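Asks: Can you read through this structure? Questions will come right after.
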Amino acid sequence: MALLEIRDLTVEIATPEGPVAILESLDLTLESGRSLGLVGESGCGKSMTALAVMGLLPKAARAHGTIRLGGQDLLALPEEALCRLRGRRMAMIFQEPMTALNPVKPIGQQVAESLRQHLGLARADAEARAAKLLDRVGLPQARFPLGLFPHQLSGGQRQRVLIAAAMACGPDLLIADEPTTALDVTIQAQVLDLIAELVESEGLALLLITHDLGVVAEMADDVAVMYSGRIVEAGPATALFRQMAHPYARGLFAAMPQAPGSGEEGGTRLATIPGRVPNPAERPAGCAFAPRCPHRLPGCAFEPPIEHLADAHWVRCLAPRRGAPAP
Amino acid sequence: MAIKVGLAAALAESGKSRAFVIGGAISGFFLSIALLALVWTPHSVFQMAIREKLQGPSWSHLLGTDHFGRDLLSMLMVGASNSIGVAVVAVAVGLAFGVPLGALAAAKRGWIDEVVMRFNDFAFAFPALLSAVMITAVFGPGGVNSIIAIGIFNIPVFARVTRGGALSLWQREYVLAARVAGKGTTRITIEHILPNIASLLIVQGTIQFALGILAEAGLSYLGLGTQPPLPSWGKMLAEAQTMLFLAPQLAILPGLAIVLSVLGLNLLGDGLRDLLDPRLRRAR
């Protein structure tokens with residue numbers, strides 16, 4: 001049985017004009033010890049998926065479907081039971097390490113808190129564990145005592161503190177929501193290496209949310225590409241990167257900057273996908289990507305079919321690979 | 001313990017804040033006088049000696065005597081303990097009811113928020129001192145009733161400050177991070193919201209403390225607060241005004257006590273705010 005199983009998840013937000021679906025019949029599966037990259041532009045529902053798993057959707061949102069963590073249906077659980085799971089079995093780290101730490105509390109206390117809450121450790125024990133955890137994420141006590149305040153640390157160091165806090169109770173599932181977006185490029189690699197190392201050694205399942213395909217290529221075993229509240233292409237990372245089928249996935253791939261000498265000619269303009277993700281309330285009928293798609297067909301105004309390309313690699317497109325270079 | 005470093009650093013830096021030092025010294029001076037007055041005064045404030053009335057400063061009466069021959073220094077000391085006692089309890093009442101109400105409103109939102117805030121508006125709609133006069137007029141003048149009257153009008157002040165501060169904090173990412181770590185509303189309020197608005201509450205607390213002293217003096221001046229024969233600063237002012245040209249020190253001294261204590265408290269509040277906020281500490 002998979003650790004995390006999302007089946008037919010739909011999240012609707014009540015608006016004065018009626019409910020608007022921001023996630024539509026989402027299916028995701030994540031096994032222990034594996035990592036799943038969830039890719040897409042801002043506003044396509046990646047973070048909403050994470051919040052739905054954590055049970056922290058905004059009050060106006062309603063979720064249908066099932067989200068199972070180790071066989072337990074999270075959507076059916078009452079708030080108190082979810083509180084016991086959050087931080088204990090599933091943890092999350094955020095995009096902005098500058099604001100995700102409480103500015104008036106020393107870092108040691110912030111790491112120790114969930115140990116005290118979930119494992120019932122005494123203050124001294126929890127602090128000793130916190131010191132070990134910080135050491136583990138590359139913040140040795142000699143230079144980074146527990147009494148430091150967040151403002152005394154750099155962005156990368158703060159992200160390490162948050163990772164230590166997330167890992168404190170030995171969760172089964174780690175959700176990383178754009179964990180490196182706010183960091184310098186050189187620090188990004190270090191933080192990603194740290195996460196990869198922890199996933200490896202602790203046997204965690206990692207749900208990595210990002211818009212950076214480079215990060216996904218490096219970190220993820222499986223990839224799901226989201227567009228406007230739906231998964232448009234999913235599969236094992238190797239298969240997907242060998243041949244991207246959905247025009248949106250290819251567009252994202254083409255929009256990655258290439259380093260000089262990487263085979264691409266320097267001086268070419270960075271490719272973009274014209275337009276932007278539609279507001280969920282004004283999503284077009286049929287394929288939501290059609291208005292921005294360079295290869296659209298008249299049939300795209302209807303619900304796109306799902307085509308299975310190889311085992312576990314599928315795409316939601318009327319004419320996948322149309323206009324794509326041959327593999 | 002390593003975690004105490006923050007507090008220790010704040011105390012170590014306290015000497016650098018001039019507002020904290022001066023305000024703390026003045027407030028500490030009045031507080032120690034008030035405490036001393038509970039156990040000892042140079043003379044009894046209830047003992048009249050008409051033959052010694054309206055004397056100037058002397059070795060037996062350091063600040064002179066009033067029109068009943070009572071020792072002015074002793075009266076000011078007892079007045080200090082009166083004023084501070086009333087203000088402390090009034091602020092405590094405001095904190096004890098206002099902070100939970102404001103925190104609840106911010107955490108729950110919805111109709112609970114509406115009810116709490118409309119109740120607040122209702123209480124705010126009446127001028128506080130006027131309502132205090134009304135309450136003491138209805139329930140009878142006296143120390144306890146003036147404490148209740150002043151305290152009740154501290155509740156909406158603290159509720160509003162707490163709610164305002166808490167509302168903006170609930171939007172912060174570290175509160176989301178705390179929820180992700182499995183903390184419930186109550187726990188987040190205690191562990192994350194309250195420590196972050198502590199500086200707001202301390203500043204508001206010292207302002208309300210100073211206003212409490214003023215309100216007590218005002219009520220006593222009107223004869224609705226502390227009742228004779230117990231002396232209070234407000235009552236001393238009221239009695240002195242008929243003799244303003246005969247013995248101006250009778251009005252000047254309690255007036256000075258009120259001004260200095262209020263000033264000291266305000267300075268202390270500012271100093272404390274600077275010291276307790278790690279972000280401001282970094283900026284210096």
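Here, each number is a calculation from the coordinates, and none is a lab measurement. Keep in mind it's a predicted model, so treat the numbers as computed, not measured. When we count neighbours, we look across all protein chains shown, and the Cβ atoms used for this are built from the backbone with ideal geometry, even at glycine.
Asks: Report the percentage of all Cα-Cα pairs in the range A:122-188 whose separation exceeds 14 Å, rounded to a whole percent.
Replies: Of the Cα pairs, 61 percent sit more than 14 Å apart.
Asks: Quick one, could you list the DSSP H helices from chain B stretching 18 Å or more along their long axis (Cα atoms) with average Kyte-Doolittle hydropathy of 1.0 or above?
Replies: B:18-39, B:72-108, B:194-221, B:249-276
Asks: Within 10 Å of each residue's Cβ, count the other Cβ atoms and sort B:TRP233, B:TRP40 from fewest upward.
Replies: Going from sparsest to densest Cβ surroundings: B:TRP40, B:TRP233.
Asks: If you restrict to DSSP beta bridges whose two residues both lie in chain A, what percentage is antiparallel, to the nearest 5?
Replies: 60 percent
Asks: If you take each beta carbon of peptide A:94-104 and count the beta carbons of other chains within 10 angstrom, what is the mean?
Replies: Per residue, the average neighbour count from other chains is 6.
Asks: Cβ neighbours within 10 Å, averaged per peptide: list A:209-221, B:184-196, A:239-251 in order, most packed at the top.
Replies: So the peptides A:209-221, B:184-196, A:239-251, ranked by packing, come out A:239-251, A:209-221, B:184-196.
Asks: If you average the alpha carbon positions of the range A:1-76 and of the range B:17-76, how far apart do those two centres end up, in angstrom?
Replies: Here the answer is 71 Å between Cα centres.
Asks: Suppose we keep just the DSSP beta bridges with both residues in the protein assembly as shown; what percent of those would be antiparallel, to 5?
Replies: So the antiparallel bridges amount to about 65 percent of the total.
Asks: Based on the alpha-carbon gyration tensor of chain B, what equivalent-ellipsoid semi-axes (square roots of 5 times the eigenvalues) come out, in whole Å, largest first?
Replies: Here the semi-axes work out to 41, 24, 13 Å.
Asks: Could I ask something else about it? Quick check on chain B: helices-only [θ] at 222 nm, where DSSP H runs of length 4 and up contribute -39,500 (n - 2.57) each and the sum goes over total residues. Nearest 500, please.
Replies: Computed mean residue ellipticity for chain B: -23500 deg cm²/dmol.
Asks: Here's another thing I want to ask about it. Two decimals is fine: what's Rg over Rh for chain A, C-alpha atoms, Kirkwood radius as Rh?
Replies: Ratio value, two decimals: 0.99.
Asks: If contacts are Cα pairs under 8 angstrom and at least 6 residues apart, what is the relative contact order of chain B in percent?
Replies: 26 percent
Asks: With a Cα-only, solvent-free Debye model of the range A:101-233, what are the log10 I(q)/I(0) values at q = 0.10, 0.13, 0.21, 0.23 Å⁻¹?
Replies: The computed values of log10 I(q)/I(0) come out as -0.35, -0.58, -1.26, -1.42.
Asks: Can you give me the P(r) profile for the range A:172-327? Cα pairs, bins 5 angstrom wide beginning at 0, each as a whole percent.
Replies: So the P(r) values, bin by bin, are 2, 8, 16, 19, 19, 16, 12, 7, 2, 0.
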